[in-house]
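For reference, the structure is listed below as structure tokens.
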């Protein structure tokens with residue numbers, strides 16, 4: 001296992017992502033942040049905190065569960081019943097710019113599922129994808145608008161994101 005981002009680097013990456021998003025949004029009042037469960041949720045909260053500081057006002061932040069939108073839900077290789085959790089978005093996403101946050105962009109299937117789930121909740125003005133780590137291997141034509149770190153990962157290797165809130169440590173490893 002190789003650490004590609006430590007805790008300090010993760011925070012610096014999130015600050016940099018927030019600066020780029022803020023520059024693109026130009027102080028827009030229609031910006032919302034929605035994280036994909038579970039690590040995307042944590043990253044979204046952190047990112048919303050950075051953006052709120054930059055804008056001088058709270059940026060709405062929510063959580064999206066994509067379990068029922070996954071295309072592998074009924075896969076014969078699936079293990080047991082999926083755990084469906086709540087989507088917690090306490091604001092209207094209609095006509096808003098949604099920054100969809102996930103930890104790793106790999107095949108693009110999770111991002112596709114998240115967009116389908118969002119569209120069922122309303123009609124955003126725009127959906128932008130922000131990821132902490134991007135790696136090669138897309139299976140669907142999805143690309144991130146905001147990328148924190150591009151990782152060189154060999155086939156058969158995985159990227160694992162650990163965050164203090166859920167895992168007791170902040171690091172991204174390849175192994």
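Key figures
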| read-out | value |
| --- | --- |
| Failed item in (1) closer than 17 Å to residue 166 by Cβ; (2) at pLDDT 95 or above; (3) surrounded by fewer than 18 Cβ atoms within 10 Å (Cβ to Cβ); (4) in contact with a strand residue (DSSP E or B) (Cβ under 8 Å, 6 or more places away or on another chain), with residue 16 passing the rest | (1) |
| Unique match (being surrounded by 12 or more Cβ atoms within 10 Å (Cβ to Cβ), more than 16 Å from the chain's Cα centre (by Cα) and in a strand (DSSP E or B)) among 173, 161 | 173 |
| Residue 127 being assigned to a strand (DSSP E or B), touching a strand residue (DSSP E or B) at 6+ places or on another chain (Cβ under 7 Å) and free of Cβ contacts under 8 Å to residues at least 40 places away in the same chain | yes |
| Lone unmet requirement of (1) without any contact (Cβ under 8 Å) to a residue 24 or more places away in the chain; (2) surrounded by 14 or more Cβ atoms within 10 Å (Cβ to Cβ); (3) under 16 Å from the mean Cα position of the chain (by Cα) for residue 133 | (1) |
| Given (1) farther than 19 Å from residue 118 by Cα; (2) touching a strand residue (DSSP E or B) at 6+ places or on another chain (Cβ under 7 Å), index of the condition residue 24 fails | (2) |
| Only listed residue being touching a strand residue (DSSP E or B) at 6+ places or on another chain (Cβ under 9 Å), part of a loop (DSSP other than H, G, I, E, B), at pLDDT below 95 and loosely packed, with under 13 Cβ neighbours inside 10 Å, chosen from 90, 78 | 90 |
| Residue pairs meeting the criteria (Cβ under 7 Å; at least 6 apart or on separate chains; first on the phi > 0 side of the Ramachandran plot, in the stretch 138-154; second at pLDDT below 95 and in a loop (DSSP other than H, G, I, E, B)) | none |
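The values are calculated or read from the model by the stated rules, or taken from the named source; none is laboratory data. This is a predicted model, so every value here is computed, not measured. Methodologically, a virtual Cβ is constructed for each residue, glycine included, from the backbone with ideal geometry; neighbour enumeration extends over all protein chains shown.
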